[in-house]
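To keep things clear, I will list the structure first and then write my remarks on it.
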Amino acid sequence: MNKKYIIFDFDGTLVNTNNIIIASWQATFEHYLGYPLTVREIEATFGEILVNTIGRLIPDAPVNEVVDFYRAYQDSHQQDYEVYVFDGVRELLEQLRERGCIIGVGTSRTAYSFWNYMKKLGIDGCVDEVVTMNDVTSHKPDPETIDAVLIKMMAHESGQNSADNDIPDSVREAALMIGDTKYDIGCANNAGVDSVMVGWSHYVDEEAMLAEGYKPTYNIEKPEQLLEII
């Protein structure tokens with residue numbers, strides 16, 4: 001393989017935020033529904049933007065109010081749940097940089113939340129280009145996130161912005177999206193980019209994912225296995 005443009009999801013791929021996300025949802029469901037959901041039910045929402053999850057699971061509540069409640073809980077309980085970089089990820093990012101890869105992140109987190117965690121964990125200097133939910137209007141599995149990252153990565157490589165934002169087929173062929181949810185894989189499928197489903201984060205119902213038409217190009221269980229693909 002000859003992959004150069006390496007795009008990571010953030011939550012559940014680079015960093016383990018699972019426990020604080022689950023706790024934030026449980027508090028939110030308890031508050032608005034009067035009962036919690038199972039961990040598996042919450043894991044099935046991973047990768048989906050908040051407003052869509054709320055619209056499906058708490059349809060009678062004011063969306064913006066629920067978003068504020070969820071984020072306030074998460075912000076005020078960060079000290080209660082360990083958030084950490086997955087084992088092997090720091091080393092992987094270093095080796096990708098040594099190989100001359102351009103490293104990007106495409107996340108459905110807000111820019112503020114993303115950079116807050118990146119700086120706290122000391123990996124804010126390990127990536128070249130980032131696209132957050134604030135940078136796009138259509139979210140994963142729509143291809144806009146990957147397209148936006150690739151445009152930034154091409155500009156990073158050339159040292160200048162492109163006037164037409166056209167992404168050559170050769171760039172898509174040299175790109176790879178790494179994620180932990182069907183939304184990441186669907187985004188890659190829709191963008192015409194190869195994808196990797198990681199197995200070090202949480203349970204993924206792959207049969208359900210395939211039933212929705214999303215299929216990863218590769219599956220890996222450890223970060224270092226990515227180097228065998230690239």
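The values are calculated or read from the model by the stated rules, or taken from the named source; none is laboratory data. The model shown is predicted, which means the values in this text are computed figures rather than measured ones. A quick note on method: Cβ atoms are made from the backbone with ideal geometry, for glycine too, and the neighbour counts reach across all protein chains shown.
For residue 87, the requirement of being out of contact with any Phe, Trp or Tyr (no Cβ under 7 Å at 6 or more places or on another chain), in contact (Cβ under 8 Å) with a residue 60 or more places away in the chain and assigned to a loop (DSSP other than H, G, I, E, B) is met. Close contacts from the range 103-123, counting a first residue that is among the hydrophobic types (A, V, I, L, M, F, W, C) and a second that is surrounded by fewer than 14 Cβ atoms within 10 Å (Cβ to Cβ), with Cβ to Cβ under 6 Å and a gap of 6+ residues or different chains, come to 111/134.
Note on the range 47-91: among residues that are among the hydrophobic types (A, V, I, L, M, F, W, C) and touching a strand residue (DSSP E or B) at 6+ places or on another chain (Cβ under 7 Å), the one that is farthest from residue 179 (Cα to Cα) is 83.
Scanning the range 41-62 for residues that are part of a loop (DSSP other than H, G, I, E, B) and closer than 26 Å to residue 3 by Cβ turns up at least one hit. Between 117, 112, the distinction of being surrounded by 14 or more Cβ atoms within 10 Å (Cβ to Cβ), over 25 Å from residue 209 (Cβ atoms) and of a type outside the set (A, V, I, L, M, F, W, C) belongs to 117 only. Within the range 124-143, not a single residue is under 12 Å from residue 104 (Cβ atoms), at pLDDT 95 or above, assigned by TED's automatic domain parsing to the domain that holds residue 105 and basic (Lys, Arg). Scanning the range 20-70 for residues that are exposed (fewer than 14 other Cβ atoms within 10 Å of the Cβ) and in contact (Cβ under 8 Å) with a residue 40 or more places away in the chain returns a single hit, 40. All of 127, 149, 105 fail the test of being in a strand (DSSP E or B), buried (at least 18 other Cβ atoms within 10 Å of the Cβ) and either on the phi < 0 side of the Ramachandran plot or among the basic types (Lys, Arg) (or both), apart from 105.
Can you name the residue in the range 168-210 that is crowded, with 21+ Cβ neighbours inside 10 Å and of a type in the set (Val, Ile, Thr) and, of all such residues, is farthest from residue 18 (Cα to Cα)? Checking each candidate, the answer is 193. For the range 166-230, please list each of the strands (runs of 3 or more DSSP E) lying entirely inside it that holds at least 3 residues being free of Cβ contacts under 8 Å to residues at least 40 places away in the same chain. Once the strands (runs of 3 or more DSSP E) in the range 166-230 are filtered for at least 3 residues that are free of Cβ contacts under 8 Å to residues at least 40 places away in the same chain, what remains is 194-198, 218-220.
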